[in-house]
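The values are calculated or read from the model by the stated rules, or taken from the named source; none is laboratory data. Only a predicted model underlies this, so the values are computations on that prediction, with no experimental measurement involved. Using ideal geometry, Cβ is built from the backbone for each residue, glycine included, and neighbour counts are taken over all protein chains shown. Ligands, DNA and RNA are excluded from the accessible area calculation, which covers all protein heavy atoms including side chains. Shrake-Rupley method; radii C 1.70, N 1.55, O 1.52, S 1.80 Å.
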Amino acid sequence: MATKVFMEALSPTMEEGRLVKWHKRDGDAVKTGETLAEVETDKAVMDLVARADGVLRQVAVAEGQTVPVGSVVAVIAAPGEAVGQTAQTAAPTPAGRGEGGRAMPEPARSPTPAPTAVPVPADATRVKASPLAKRIAKDSGVDLKLVTGSGPGGRVVKRDLEEAGRRERGEVRRAAAQPVVPPEAPLLSPISSAVRGGAAFEDVPLTQIRKTIAKRLATSLGPIPHFFLTTEVDMERAAEARDALNRQLGDRGKVSFNDVIVKATALALTKHRACNAWFQDDHIRYWTEVHIGVAVAVEDGLITPVIRNADLKPLLEIGREARELAEKARSRRLQPSEYTGATFSVSNLGMFEIDQFTAVINPPEAGIIAVGTITPKPVVWDGQVVARRRMRITMSCDHRVIDGATGAAFLKTLKEMLENPLAMLL
């Protein structure tokens, strides 16, 4: 009997998936566990694998098409088998375990016959590129056919244009064009480089990650009663300790301020378990483990990889892990286990010279801190006005879990640890 290939739930919050690229074509032999296609979920690009041996038939979803979880995308039949509309339903293996170790649900079974096969367009007939890359290419006169894509399914993304501009400045853009993307201007939005002229507006379809962000915000800012606490931290001693540590590390790596903040946050949470918590429907889960979500800006949204047991890891390991996870996030290669299960989150916009902001809680977590830039400010120190490096931290709290005094006590401990790094040893 033939086996249906479903659009599986490849992440804990996935409701639909966009088929990025078929690795197998209609008529190809496949084996159990082989990658059939790449699928863009709400968080990353994942592999859809074969659940049976046989021949791929009735490919029903074209590259670039988005379908709901549980939809039939193809059929795996035995060699020579005549495939009708009665293919055997297979139970796809869950992609992993969700937050708190809960098993992810299996995709819903399709109650309707397999749809009529749709021909898959050949890669050679079009150039796949992100909306941002298309806009940059159009404004800069770049022929996308000459650019090798490094994104999901060979898609051309912003960094490919930057690299192409550095390598072949006279070949892939007009001689009079400016550099594709100024290195000092980070672009995080598909419309950030738009130039006025022509049409009055441009409609850009929502990506899977942007759809998820919209839904998550609606379930956070609306239902969750936020309140905010702000404190200002003197970072002179933290800066001196970081500089000394980096000199000692030499070629073994570097520690960033964000690494120090993540470590201090994790240690402060061990002393304030009331803030290291999840709000559940009928109970509050207080965690004994500390898993810190670190917000990372990607080309079309935001994702929060998780540094697990951050309180137990040295600064150098936190920094290495944070950089690796950020790179995987930007290339859309994070696995569900790498972005689920955070018990508290850190969002840092200091590198963009943002002095202070408020962050939205990522449910079911009960808190998140928003970290601003470190900048010299005139302060009274030992009776004199001097310049000291200062940083503002704003904590967003879920008032169903964290009371004002509870959040204030946590921030006080975090401030003490950052202002006197030796306090982290206590």
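Numerical summary
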{"quantity": "Cα→Cβ-extended label distance, 7 Å offset, between residue 251 and residue 337, nm", "calculated": "3.3 nm"}
{"quantity": "In region 324-375, the trypsin sites (Lys or Arg not before Pro) that fall in loop regions by DSSP, at most 15 other Cβ within 10 Å", "calculated": "333"}
{"quantity": "Convex hull of Cα atoms in region 321-426, direction-averaged projection (nm²)", "calculated": "9.1 nm²"}
{"quantity": "Where only C-alpha atoms are counted, convex hull volume of region 313-368 per residue in Å³", "calculated": "120 Å³"}
{"quantity": "For region 212-260, size of Cβ-based charge dipole, Lys and Arg +1, Asp and Glu -1, in debye", "calculated": "360 debye"}
{"quantity": "Region 320-362: GluC sites (Glu not before Pro) falling in loop per DSSP and having at most 15 other Cβ within 10 Å", "calculated": "353"}
{"quantity": "For residue 17, residues with placed amide H under 5 Å, excluding near neighbours", "calculated": "67, 69"}
{"quantity": "Under 5 Å, built H, 5+ apart or other chain: amide partners of residue 28", "calculated": "56"}
{"quantity": "Full-stretch length increase - residue 31, residue 400 - with 0.36 nm per residue and alpha-carbon distance subtracted", "calculated": "127.8 nm"}
{"quantity": "Accessible surface, per residue, of region 239-383 when the full set of protein chains is kept, probe 1.4 Å, Å²", "calculated": "45 Å²"}
{"quantity": "Inverse mean reciprocal Cα-Cα distance (Kirkwood Rh) of region 240-280, Å", "calculated": "12.0 Å"}
{"quantity": "Modelled FRET efficiency - R0 45 Å, residue 62 with residue 354, Cβ distances, 0.05 increments", "calculated": "0.60"}
{"quantity": "Cα centroid separation, region 35-77 to region 300-379 (Å)", "calculated": "32 Å"}
{"quantity": "20 Å cut-off, amide nitrogen to a point 7 angstrom out along residue 289 Cα→Cβ, residues in region 1-45", "calculated": "11-13"}
{"quantity": "Share of carbon and sulfur in the accessible heavy-atom surface of region 229-284 [1.4 Å probe, %]", "calculated": "47 percent"}
{"quantity": "3J(HN,Hα) from dihedral phi, region 250-258, Karplus parametrisation 6.51/-1.76/1.60, rounded to Hz, x for glycine, proline", "calculated": "x, 7, 6, x, 10, 10, 9, 4, 5"}
